[in-house]
Structures are given as structure tokens and as C-alpha cells.
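First comes the structure, then the notes that go with it.
The values are calculated or read from the model by the stated rules, or taken from the named source; none is laboratory data. These figures come from a predicted structure and were not determined experimentally. Cβ placement follows ideal geometry from the backbone for every residue including glycine, while neighbour counts extend to all protein chains displayed. Quick note on the areas: whole protein, heavy atoms, side chains included, nothing else; ligands and nucleic acids left out. Shrake-Rupley method; radii C 1.70, N 1.55, O 1.52, S 1.80 Å.
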Amino acid sequence: TDWSDRDIESRDNATYRTEIQGVASSNFGVAFSGSSSEQWILEGFTITTSHPNSSYGVRVSLDGGTATVRYNTINGGSGANESNGIYVNGADSKMIVQHNEINGGASTAASSNGIYIETAADQIVTENTIDGGTGNNASLGIVVSYPLANTSVISRNDINGGASVSGETYGFQITNDTVNTTMSCVISQNHIDAGSGSTTVGIYCYGLGDTK
């Protein structure tokens, strides 16, 4: 299908709403899995999920190829164990995330995260509005827990740690516990707000590996 004439710049999800809602028996609204030599593209939807335990608006776990998520409104739901607007894991899970409104949801007994990156595969995250949500124990805008290379870019996003019910809020958390590795992702030109919680931090870095 030729989508070259689509007017994505003026599309309004509130006016022209097409919703994907994950059922309670599934912990995601949309999932990318398997492998492909081409891009998968998710564009122009409002995505919610309702799993009671671990809830993900979008989950990405690939063996090859790239998942592109753009021009969507995404909510992580209210899973008791965790809630994530977007959760990506798997050694080959490359992802491009652009021009989305992402909310981590409202985990009822743990943390909510706008975007949770649990892979060293290349990630491009640009020009999104990202909110950590209202997790009971913590809320975080973006979490990176693997050493991304300098081919990964997180730039020109509006990031807010959210508003935790009883815990801390972080705008951006970077963790590298892989010894003898360096987390060197390009992080630039973002607006980062720590949010509101018992402890608030704009950018929090820790781990056994290096970060630069």
C-alpha cells in the first residue's frame, strides 16, 4: 500500500480516534515479536491495556528487524507488578519511537515507566512527550538498563518523571551493571522534569559499568 499521500502532521488522535485496547488476559495492547528484514510500523492509534499484573501499552521483543512506533497515544495501564507505556527487551530488538504521547500508566503496587529499555540493541527515541505516570511505588519517564552504543539516540523529547503515589520519581534513569562495558547513547536536547514524589531526580545514573 502506498501511504505517501497521508497527512500525518495534522492528524489528531482525540478527533480521529482509533483505539487498540489490550484485553485483561493479555499484558499488552500491541506486541512486536519475531523477525523481519523490513520495518514494522505502528502509527496513528490510541493504545491502552488492562492486564492486572504486568501491563504494557506496547511491548517489543524481536529476533531481527526494527519496530517503528510513531504518532500514537500510549498508556501503560495499571498492572500491580509494573506498568510501562513501551517496554522493549531482547538482544535484537531495535526500535524507533517518534512523535508519540506516552504515559507509563498507574501501577497499583509497583513502578510505572513511560519507556523501559532492557536491551543493548539500537534505540532511536525522538520528539515524544513522555510521562512516567502515577505508579504506587515509583514513576520514571525513561529507564535504560543496558549499555546502549553511540548509535542509539534519545533526543528532543519532553520527559516528565510523573507523580508517584508514595515513592520516588525520576525523569531519566540509566543503569549499567555490565562490567567492562560503556553506556554511550547520545542523549541531547531533551526537556527533563523530575516529576513529583517523595524523592525527585532529573537524571539518575548508577551501576558497575561505565556511562558517558
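Couplings 3J(HN,Hα) of the range 178-190, computed from phi: 8, 4, 6, 10, 10, 7, 10, 4, 7, 10, 8, 6, 9 Hz, in residue order, whole Hz [Karplus 6.51 cos²θ - 1.76 cosθ + 1.60, θ = phi - 60°; x for Gly and Pro]. Expressed as a whole percent, the accessible surface of the chain that belongs to carbon and sulfur atoms is 45, based on a 1.4 Å probe. The local environment of ALA106, defined by Cβ-Cβ distances under 13 Å, has a net charge of -2 under the rule Lys, Arg +1 and Asp, Glu -1. Backbone amide hydrogens, once placed in the peptide plane, bring ASN160 within less than 5 Å of ILE130, ASP131, GLY132, ASP193, excluding anything fewer than 5 places away on its chain.
Here the Karplus curve 6.51 cos²θ - 1.76 cosθ + 1.60, taken at θ = phi - 60°, turns the phi angles of the range 129-135 into couplings of 9, 10, 10, x, x, 10, x Hz, with x standing for Gly and Pro. Along the Cα→Cβ direction, 7 angstrom out, place labels at SER35 and GLU118. What is the inter-label distance in nm? With each label point 7 Å from Cα toward Cβ, the separation is 2.2 nm. Converting phi to 3J(HN,Hα) with the Karplus coefficients 6.51, -1.76 and 1.60 and the offset θ = phi - 60°, the range 196-204 yields 9, x, 5, 10, 10, 9, x, 10, 10 Hz in sequence order, with x at every glycine or proline.
Under a 5 Å amide H cut-off, with hydrogens placed 1.01 Å from N, LYS94 pairs with ALA67 among residues at least 5 apart or on other chains.
When ligands, DNA and RNA are left out and all protein chains stay put, how many square angstrom of accessible area per residue does the range 26-73 have with a 1.4 Å probe? Write down the numbers at each step before the final one.
Details: 1860 Å² over 48 residues.
Computed with neighbouring chains in place, this is 39 Å² per residue.
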